[in-house]
Number of protein chains: 2
Amino acid sequence: MNDRDLHAHLINQQGGRRSFNTPVLVIDLDAFEKNVADMAAYAKASGLRLRPHAKTHKCAEIARRQVAAGAVGVCCAKLGEAEAMAAGGIASILITSPVVSAPAIERLIALNQKIPDLEVAVDNPDNARALAAATGSGKRLNVLIDVDPGVRRTGVASAEAAVALAQAIADLPQLNLIGVQYYCGRQQHIESYAERRTDIIDRTDYLRGIVTALTDAGFAPGIITGGGTGTHRIDVELGLLNELQTGSYVFMDRQYNDCDISGEGTPGFATSLLIDARVVSANTPGLGTIDAGFKAMSTDGGPPTVLAGAPAGAPYHFMGDEHGLVLFGETSPPVGSIVTLAAPHCDPTVNLYDFYHVVRGDTLVDIWPIEGRGKSR
Amino acid sequence: MNDRDLHAHLINQQGGRRSFNTPVLVIDLDAFEKNVADMAAYAKASGLRLRPHAKTHKCAEIARRQVAAGAVGVCCAKLGEAEAMAAGGIASILITSPVVSAPAIERLIALNQKIPDLEVAVDNPDNARALAAATGSGKRLNVLIDVDPGVRRTGVASAEAAVALAQAIADLPQLNLIGVQYYCGRQQHIESYAERRTDIIDRTDYLRGIVTALTDAGFAPGIITGGGTGTHRIDVELGLLNELQTGSYVFMDRQYNDCDISGEGTPGFATSLLIDARVVSANTPGLGTIDAGFKAMSTDGGPPTVLAGAPAGAPYHFMGDEHGLVLFGETSPPVGSIVTLAAPHCDPTVNLYDFYHVVRGDTLVDIWPIEGRGKSR
């Protein structure tokens with residue numbers, strides 16, 4: 001069955017969510033549409049460019065909808081994701097991780113020829129020179145200096161290193177330095193708004209020093225891109241970033257639902273990403289085994305939240321690749337009944353599926369392929 | 001690029017492992033072949049049937065090699081995996097998890113028509129009746145009674161429930177009861193052989209009681225299938241199982257390498273599954289960020305082992321979807337250099353990749369598609 005046949009077949013399923021062959025990754029379209037519109041409106045009202053991170057959803061249909069709502073383009077974590085988004089019609093893409101291997105750089109340069117605006121993060125002069133050499137006399141490549149907020153993952157580690165890298169890039173006519181990137185990953189999931197704000201004020205002061213050093217050296221950054229769903233309101237308040245890379249707001253997950261994102265004691269966005277699973281065994285009173293384990297959800301974010309089909313908030317325990325145990329309480333569930341979960345961590349959970357089942361209520365209205373699934377190269 | 005073109009393209013890569021576009025999932029073919037041969041020889045010498053669990057590798061080429069070495073067929077965790085193995089030419093498949101949803105049962109019956117021997121685990125009478133109803137006047141379906149070893153995941157929870165289920169199956173002429181299944185998952189990774197043996201003796205006594213009850217009721221099981229890489233030598237010693245479901249022995253992983261599997265203080269099998277990653281950032285003395293994070297390895301088994309490209313045993317820390325931090329010690333690594341890891345837990349790690357890069361030493365000799373990747377339905 002090719003993709004088009006599969007799509008038609010799935011759309012023609014008549015039974016709705018109760019008859020899905022579980023486990024499936026579900027998008028609640030009403031909640032999703034509200035999230036896309038709300039973030040677009042917030043960025044517009046704040047005067048910031050919005051470049052949502054497609055590493056969250058890995059899906060060209062969602063990227064197109066974000067752009068249609070006002071985004072300037074998307075971010076991708078990896079080149080393979082960027083190729084998938086470009087094939088899906090996205091014209092402006094920022095790759096937020098360094099691209100260093102020779103075969104990957106070759107693909108990067110090919111992609112730069114194909115779309116109007118390709119941008120890539122760089123964090124050392126050798127990599128900048130390798131990108132320039134591969135670009136040759138072709139179209140100039142847009143680069144941003146990745147600044148490490150202190151996590152020691154990627155990025156230049158000091159103002160001096162930022163200036164030295166800017167100078168190295170300026171010496172390479174094949175590259176076009178368009179700005180800096182700054183992602184404070186550690187701060188995104190601090191549950192208290194006030195504590196998160198205190199941390200981000202400190203980290204933003206650090207970035208301001210780097211921007212000042214770059215400006216003083218003659219490399220004033222045009223684009224200052226970063227932020228995430230957890231910090232975007234604080235980033236707007238602090239006024240240094242001019243482009244937001246928020247990703248998870250489209251879906252939300254257990255980790256972000258535990259946070260006061262709005263500053264008003266609420267997550268601020270609706271849970272639109274769901275996992276429908278099914279009870280496959282119930283031989284012990286009060287317990288039900290569902291068909292959703294390590295292959296249905298990533299485990300890095302802890303357990304999922306049980307939303308429906310069991311008492312709200314019923315504890316879930318991973319039971320291997322294919323199964324999870326739900327504590328139903330007094331009564332055992334019927335074998336075959338559906339249990340709906342919120343993903344613990346949306347990005348790597350999405351990476352386990354080939355498509356979304358898109359629903360309004362209990363009606364399947366579309367199937368969206370996850371073209372960027374597995375594109376870690 | 002279709003699969004055949006991709007295969008040809010990849011095989012034609014000339015640069016060997018140093019030029020792989022990382023991260024990639026690698027099979028060391030020498031180690032792999034030895035593992036396949038060693039387990040086959042051990043099962044043969046012990047007089048047990050070997051039915052390796054394909055949930056580990058999800059790859060028809062590997063299943064075919066296991067059968068060629070003497071296995072009677074394979075196990076699959078899910079129907080989707082079984083469909084993939086059947087399409088790859090495997091004639092005898094046991095599905096080890098209950099199949100309960102109506103659309104899945106429909107596919108199960110279709111698969112039963114296609115291959116000589118399909119077998120499925122059942123753990124309650126309602127499910128048996130649903131399977132029988134769907135089978136109708138078609139080819140009889142082989143079923144095994146799944147016995148819960150006490151983990152409350154799947155399986156009947158008592159001897160009485162086993163006998164009642166056997167009676168229910170006997171009343172359904174569409175079903176053919178061929179045996180019992182018993183998987184002691186909790187015991188597999190007990191690191192001490194002696195402690196594992198003590199536990200398995202206790203659990204095998206429990207199973208012996210169930211087998212006796214079934215026999216006394218006129219349902220003597222022909223096949224008694226179970227065991228895993230961790231317990232298979234003890235299972236052979238205890239002499240109740242007559243079919244082994246070992247899976248991870250083909251690859252090994254950090255979890256199993258931590259165990260005395262042989263009873264002689266060693267894992268007993270070689271690490272044949274590797275992840276080649278690359279240093280993509282090294283801006284802090286002694287640290288290197290590699291391009292392998294949540295999307296390159298499952299996190300349920302803890303961190304991977306660093307095998308090469310850094311000081312042996314160098315600590316690794318997950319740093320999000322795409323990255324991990326390796327503590328190199330005194331010196332920083334060159335950006336672009338390769339770091340080779342052993343997976344923390346092989347099964348869900350394999351589920352993240354579309355194919356294996358098969359090597360002898362540093363030479364790429366084949367690409368094997370992972371047809372069962374993502375087949376959780």
Does region B:285-294 contain any residue that is hydrophobic (A, V, I, L, M, F, W, C), within 26 Å of B:D38 (Cβ to Cβ) and under 25 Å from the mean Cα position of the chain (by Cα)? no
Assuming B:G73 fulfils every condition listed in (1) at pLDDT below 95; (2) within 21 Å of B:L50 (Cα to Cα) apart from one, which condition is it? (1)
In region B:251-267, which residues are surrounded by 24 or more Cβ atoms within 10 Å (Cβ to Cβ) and either touching a Phe, Trp or Tyr at 6+ places or on another chain (Cβ under 7 Å) or of a type outside the set (D, E) (or both)? B:F251, B:M252, B:Y256, B:I261
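Those residues that are hydroxyl-bearing (S, T, Y) and more than 7 Å from chain B (Cβ to nearest Cβ), I need them from region A:277-327; list them, please.
A:T305, A:Y316, listed by residue number.
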When every residue in region B:340-363 that is outside any loop (DSSP other than H, G, I, E, B) and away from every other protein chain (no Cβ under 13 Å) is compared, the one surrounded by the fewest Cβ atoms within 10 Å (Cβ to Cβ) is B:T363
Which one is farthest from the other protein chains (Cβ to nearest Cβ), of the residues in region B:86-97 that are under 28 Å from B:R152 (Cα atoms) and touching a helix residue (DSSP H, G or I) at 6+ places or on another chain (Cβ under 6 Å)? B:I93
Based on what the data block shows, is B:Q187 in contact (Cβ under 8 Å) with a residue 60 or more places away in the chain and within 14 Å of chain A (Cβ to nearest Cβ)? no
Say whether the condition of being in a helix (DSSP H, G or I) and within 18 Å of B:L273 (Cβ to Cβ) is met by at least one residue in region B:92-111. no
Test: A:P125 is assigned by TED's automatic domain parsing to the domain that holds A:D148 and either buried (at least 20 other Cβ atoms within 10 Å of the Cβ) or closer than 19 Å to A:A170 by Cα (or both): yes
List every residue pair whose Cβ atoms lie under 9 Å apart, where the two residues are 6 or more positions apart in sequence or sit on different chains, the first residue falls within region B:322-351 and is at positive phi, and the second residue, located anywhere, is assigned to a helix (DSSP H, G or I). B:G336/A:A102; B:G336/A:D126; B:G336/A:N127; B:G336/A:A130
Considering each residue of region A:296-318, count those that are crowded, with 20+ Cβ neighbours inside 10 Å and in a loop (DSSP other than H, G, I, E, B), and give that number. 8
When restricted to A:G89, A:G73, the only residue on the phi > 0 side of the Ramachandran plot, surrounded by 24 or more Cβ atoms within 10 Å (Cβ to Cβ) and in the same structural domain as A:R233 (by TED's automatic domain parsing) is A:G73
Can you find a residue in region A:239-250 that is closer than 28 Å to A:A71 by Cβ, crowded, with 21+ Cβ neighbours inside 10 Å, modelled with pLDDT under 95 and away from chain B (no Cβ under 12 Å)? no
Count - residues of region A:309-332 that are at pLDDT 95 or above and either of a type in the set (F, W, Y) or out of contact with any helix residue (DSSP H, G or I) (no Cβ under 7 Å at 6 or more places or on another chain) (or both): 15
Just to be sure, is A:E81 surrounded by fewer than 23 Cβ atoms within 10 Å (Cβ to Cβ), among the acidic types (D, E) and either free of Cβ contacts under 8 Å to residues at least 12 places away in the same chain or in a helix (DSSP H, G or I) (or both)? no
Looking at region A:104-117, which of the residues that are touching a Ser or Thr at 6+ places or on another chain (Cβ under 8 Å) and surrounded by 15 or more Cβ atoms within 10 Å (Cβ to Cβ) is nearest to the other protein chains (Cβ to nearest Cβ)? A:I109
Applying the selection to region B:120-137, what residues are over 26 Å from the mean Cα position of the chain (by Cα) and on the phi < 0 side of the Ramachandran plot? B:P125, B:D126, B:R129, B:A130, B:A132, B:A133, B:A134, B:T135, B:S137
One residue is enough: does region A:16-34 have a residue meeting the conditions more than 11 Å from every other protein chain (Cβ to nearest Cβ) and modelled with pLDDT under 95? yes
When A:L274 is evaluated against the numbered criteria (1) buried (at least 21 other Cβ atoms within 10 Å of the Cβ); (2) within 14 Å of chain B (Cβ to nearest Cβ), which criterion, by number, is the only one it fails? (2)
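Residues in region A:158-177: is at least one in contact (Cβ under 8 Å) with a residue 60 or more places away in the chain and either under 23 Å from A:S101 (Cα atoms) or of a type outside the set (S, T, Y) (or both)?
No, there is no match, as no residue in region A:158-177 is in contact (Cβ under 8 Å) with a residue 60 or more places away in the chain and either under 23 Å from A:S101 (Cα atoms) or of a type outside the set (S, T, Y) (or both).
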So which residues in region B:248-269 are among the small types (G, A, S) and more than 10 Å from B:S192 (Cα to Cα), if there are any at all? B:S248, B:S262, B:G268
Report, by residue number, each residue of region A:133-151 that is within 14 Å of chain B (Cβ to nearest Cβ) and either within 23 Å of A:A104 (Cα to Cα) or surrounded by 17 or more Cβ atoms within 10 Å (Cβ to Cβ) (or both). A:A133, A:A134, A:I145, A:D146, A:V147, A:D148, A:P149, A:V151
Anything in region A:251-278 that is of a type in the set (A, V, I, L, M, F, W, C) and either at pLDDT below 95 or more than 15 Å from the chain's Cα centre (by Cα) (or both)? List them, or say none. A:C259, A:I261, A:A270, A:L274, A:I275, A:A277
Could you tell me whether any residue of region A:278-288 is in contact (Cβ under 8 Å) with a residue 40 or more places away in the chain and in contact with a His (Cβ under 6 Å, 6 or more places away or on another chain)? no
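The values are calculated or read from the model by the stated rules, or taken from the named source; none is laboratory data. Everything quoted here is computed from the prediction, not taken from an experiment. Positions of Cβ are generated from backbone atoms using ideal geometry, with glycine treated the same way; all protein chains shown enter the neighbour counts.
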